[in-house]
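First comes the structure, then the notes that go with it.
What follows draws every value from the coordinates through simple rules; no lab data is involved. Here the structure is a predicted model, which means the values were calculated and not measured. Please note: Cβ atoms are built from the backbone with ideal geometry, for glycine as well, and neighbour counts cover all protein chains shown.
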Amino acid sequence: MNPNTIILYNSKTGFTQKYAGLLAEELGCTALPLSAAPAGLSEFSTVVFGSRLHAGVIDGWKKARKLLRSRGAKRLVVFATGAMPNEAEDKIRQVWEQNLTPAERDAIPHFYLQAGLCREKLGGVDKAMLSVASWAIGRKKDKTPEDQAFLDAISRSYDISDPKYIQPLAACLRELG
Ligand SMILES: Cc1cc2nc3c(=O)[nH]c(=O)nc-3n(C[C@H](O)[C@H](O)[C@H](O)COP(=O)(O)O)c2cc1C
């Protein structure tokens, strides 16, 4: 058991929860939904926050950052799951630039884990957001191959997650101790 690390996550359709569970198993630590975070986090040397990407934003990160600090979290590590493949390096770099301040990018180890899309488990707002995106791109006259790929990607459910993708994050957490 690793009592020094705790993993807290937000998950709507299960991908982030699955990765958090795999990570907890691998490290022998606890994974809990953020909503069930202990009142005091100062006993942990590392607090990991995981969530999905949502229109380029790490869902819940701004609130989580405040909450975790107010509960005494010391070192933070962040991971985000999404529908993009790990190879989309430029887009992933943009995500970190838009979600973490330069100081945070230096201080907080951060990882992207490709996951997928589960349309069946989405709520109404999310479904509506995907429909609006499809509509906006669908009506473009000169669609680029990228536009078409994006349209295809959001029109179906798929799972490109794999337990092996937690390894770089697990190695970082082992090193932090
Ligand atoms: C409305 C909406 C917006 C999304 N935006 C992004 C995005 O900007 N980048 C990305 O890679 N994935 C995006 N996704 C896909 C989710 O991030 C992905 O399915 C995630 O792994 C879901 O995590 P969860 O199962 O833990 O909720 C989006 C999904 C929805 C429904």
Item checked: Length-normalised contact order for the chain - Cα pairs under 8 Å, 6+ apart - percent -> 22 percent
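About the Cα centre of the chain, how large is the charge dipole given +1 on each Lys and Arg Cβ and -1 on each Asp and Glu Cβ? Please answer in debye to the nearest 20.
I would put it at about 640 debye.
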Note to self: How far apart, in nanometres, would the label points at residue 146 and residue 172 be if each is projected 7 angstrom from Cα along the Cα-to-Cβ direction?
What the structure shows: 2.5 nm
Notebook entry, point to check: Using the alpha-carbon atoms, what tilt in degrees (0 to 90, nearest 10) does helix 61-70 show relative to the longest principal axis of the chain?
Noted result: 10 degrees
Check: Which pairs in the list 91/164; 12/143; 12/140; 63/143; 12/164; 63/91 are over 28 Å apart, alpha-carbon to alpha-carbon?
Finding: 12/143; 12/140; 63/143
Notebook entry, point to check: Expressed in nm², what is the orientationally averaged projection area of the convex hull enclosing the Cα positions of the chain?
Noted result: 10.4 nm²
Next item on the list: On a 0 to 90° scale, report how tilted helix 145-154 is relative to the longest principal axis of the chain, with both axes built from alpha carbons and the result rounded to the nearest 10.
Entry: 60 degrees
Next item on the list: Can you tell me the 0 to 90 degree angle between the C-alpha axis of helix 124-138 and the longest principal axis of the chain, rounded to 10?
Entry: 40 degrees
Notebook entry, point to check: Which of these, 80, 128, 55, has the largest mean-square fluctuation under a Gaussian network model of the chain (Cα springs below 10 Å)?
Noted result: 128
Next item on the list: List the residues whose amide H sits under 5 Å from the amide H of residue 86, counting only those 5 or more places along or on another chain, with H placed 1.01 Å from N in the peptide plane.
Entry: 114
